[in-house]
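Visitor: Have a look at the structure that comes next, please.
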Amino acid sequence: MKKMYALLLAVMLIVSMTACTKGGGDVKADLDKIQQASTKSTEQNALDAKVSMTMKMDADGETMEIPITMDMKMKALDTAPQMYITMNMEAEGESIDIAYFNDEEYLYMEVMGIMMKCPMPEGYFNSENFMGNTAEDLANTSNLTEELVKSVKTESVDGGTKYTITFKEDQLSKILQDENGALSEFASLANTDLSGVTVDDIAESVSVNKDGYMTQLAMTFKMTVKSGSESGKMDVAMTLDVNNPGQDVTITLPDTSGAVEVTAEEMGLE
């Protein structure tokens, strides 16, 4: 489970890093509009979105396809953060359901109908353990510059605009290799270092509605992991759809009376 969690974080790190860039050069106008939509979306300090992801992995001559869906609700991320994240994952014929949520005192995790809780770890919402921290970055501006963007194509969709971004992959790879977060953790779990993890064939699009809010982010890329004489490949396709952009987010938590208290380590947070 920890390795899969690190993989998810690695995937979301790559997406979040390329979700929005600062404009300049020939693509400045389009990138500035994406950045404006990013700023407007993150000013809410909340997110209600659905993520659909498919990971096709090929390693040691075996191929596996893992479809994942996630429903994310987060609010008050700047004051009193609250989240409710549910995930369904299918692997090797099995369906796994996981939920993460919190109240003022506890962090909860429910796996296959079994609910656990632990006292809210100090600084959790500002740590790399918090998937929502990376998820929020999907609609946030980064410190990337126009040096990473080769071109931007625009088209009108439902009164809004869809931006398709082509990256300079050699420059983006350098940024990813310098990261110390989820990509590094995933490399460690794969018994290699960052030089053994490469990402290429990146394609991304960002959709903005007529009111100036981000409504969708879609991305595909390939990841190759090499460890000694062994190697594996993974194709990733991900779409994040924002529900009711610009509207308040309401979170209703499930009944927690049956939750079993455990340690943060037992919850897989340490």
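Visitor: If I go through the range 51-81 residue by residue, how many of them are part of a loop (DSSP other than H, G, I, E, B) and either touching a Ser or Thr at 6+ places or on another chain (Cβ under 7 Å) or surrounded by fewer than 17 Cβ atoms within 10 Å (Cβ to Cβ) (or both)?
Guide: Residues in the range 51-81 being part of a loop (DSSP other than H, G, I, E, B) and either touching a Ser or Thr at 6+ places or on another chain (Cβ under 7 Å) or surrounded by fewer than 17 Cβ atoms within 10 Å (Cβ to Cβ) (or both): 6 in total.
Visitor: If you go through the range 235-270 one residue at a time, how many are surrounded by 15 or more Cβ atoms within 10 Å (Cβ to Cβ) and within 16 Å of VAL111 (Cα to Cα)?
Guide: 4
Visitor: May I pose another question? I need the strands (runs of 3 or more DSSP E) fully contained in the range 95-197, keeping only those with at least 2 residues that are in contact with a helix residue (DSSP H, G or I) (Cβ under 6 Å, 6 or more places away or on another chain) and either farther than 23 Å from MET70 by Cα or at pLDDT below 65 (or both).
Guide: 149-157, 160-167
Visitor: In addition: Taking the conditions exactly as written (hydroxyl-bearing (Ser, Thr, Tyr), out of contact with any His (no Cβ under 6 Å at 6 or more places or on another chain) and farther than 26 Å from ASP248 by Cα), does SER95 satisfy them or not?
Guide: yes
Visitor: Here is a follow-up. Tell me the residue from ASP211, ASP248 that is in contact with a helix residue (DSSP H, G or I) (Cβ under 9 Å, 6 or more places away or on another chain), over 15 Å from TYR163 (Cα atoms) and of a type outside the set (Phe, Trp, Tyr), please.
Guide: The match here is ASP211.
Visitor: Follow-up question, since we're still on this one. Out of the range 231-260, which residues are more than 19 Å from THR215 (Cβ to Cβ), of a type in the set (Asp, Glu) and within 16 Å of the chain's Cα centre (by Cα)?
Guide: Answer for the range 231-260, where residues must be more than 19 Å from THR215 (Cβ to Cβ), of a type in the set (Asp, Glu) and within 16 Å of the chain's Cα centre (by Cα): just ASP235.
The values are calculated or read from the model by the stated rules, or taken from the named source; none is laboratory data. Remember, it's a predicted structure, so these values are computed and weren't measured experimentally. Cβ atoms come from the backbone with ideal geometry, glycine included; neighbour counts cover every protein chain shown.
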